[in-house]
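The structure under discussion appears below in the form of structure tokens.
What follows is calculated from the coordinates using simple rules that are stated; it is not laboratory data. All values reported here derive from a predicted model rather than from experimental measurement. Neighbour counts run over all protein chains shown; Cβ positions are idealised from the backbone, glycine included.
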Amino acid sequence: MTDDPGREPYAEGKVPRHVAIIMDGNGRWARRRGLPRHAGHRQGMKAVREAVEGARLAGVEILTLFAFSTENWQRPAIEVSALMSLLKHYAEQEQKELRAKGVEVRVLGELDRIDGAARAAVDRIVQATAGGQHLRLNLMISYGGREELLRAFRDIAEKLAEGVLKLEDVNEECVESHLFTSGLPDPDLLIRTSGELRLSNFMLWQLAYTEIHTTAVLWPDFTRDDFAGAVREYQRRDRRFGRVNAG
């Protein structure tokens, strides 16, 4: 930790290096207020800012947000269009501030499915924030955990058939090198909002030993204080990774 006076004091334990968030509850937030679903998604953008700031102040190195799943493509066309517009809006509106705060944005997933305008905006925010040293922000868009694994297994099978890989080369490191998150450490902490207790096809390989924190807070109401609370709960956990501590 640094001596930054604006940074949350986490004196009780080690801060997670990598935090992932399933951002859930936008639709319920809007429904409870008699608003259309896209209003919840728009309000959720404020929660993204809160989470980024919470991670930055805590000293987290990597923040991964589940922004749009492969299953989300099956939602009504008007909602998908609204989500793509919000993605474009976020990329255009936030890139200057993220760059100033040293946040490097990466976008991971099946990006070929994103429409032209949103894809161009995504490419611009990635380019504008490249080299940020304070926080790596991964936006998982058009992403699904099973699809990611199938993609990896197909790539490995092709390399086996071509003789590029040998059977004995196929191990955990090999699989990890074919995932969208290649080169990144697995998440230490997963936060899921809205009180749901499921992974929703998110990072199925990477979350094998991740600590999970759930909160009833709907995503649009999530704040940096909620982020800090999740980190403090994480610090009270005893992470054994399947092993038994001596003594």
Over the chain, what is the mean sequence separation of C-alpha contacts under 8 Å (at least six apart), divided by residue count, expressed as relative contact order in percent? 28
For the chain, calculated [θ]222 nm from helices alone, where every DSSP H run of n ≥ 4 adds -39500 (n - 2.57): -13500 deg cm²/dmol
Which ordering of R239, R119, R28 is given by a fewest-first count of other beta-carbon atoms within 10 Å? R239, R28, R119
When the chain is fully extended, how far beyond the present Cα-Cα distance does R32 get from S177, taking 0.36 nm per residue of separation? 47.9 nm
The chain: translational diffusion in µm²/s, Stokes-Einstein, Kirkwood Rh over Cα pairs, 20 °C, 1.002 mPa s: 112
Please report, to two decimal places, log10 I(q)/I(0) for segment 1-147 at q = 0.13, 0.19, 0.20 Å⁻¹ as given by the Debye formula with identical point scatterers on the Cα atoms and no solvent. -0.61, -1.19, -1.29
Among L98, L160, L189, which one shows the highest mean-square fluctuation when the chain is modelled as a Gaussian network with alpha-carbon springs under 10 Å? L160
Mean-square fluctuation check for the chain, GNM, Cα pairs under 10 Å: which of F222, F153, F202 is largest? F153
Considering only Q74, Q43, Q133, give the residue with the highest GNM mean-square fluctuation for the chain, with springs between Cα atoms whenever their separation is below 10 Å. Q74
Pop the C-beta distance of Q93 and L149 into the FRET formula with R0 = 30 Å and round what comes out to the nearest 0.05. 0.35
With each label point set 7 Å from Cα along the Cα-Cβ vector, what nm distance links N201 and L167? 3.2
Quote the convex hull volume per residue of segment 86-161, based on C-alpha atoms, as a whole number of Å³. 106
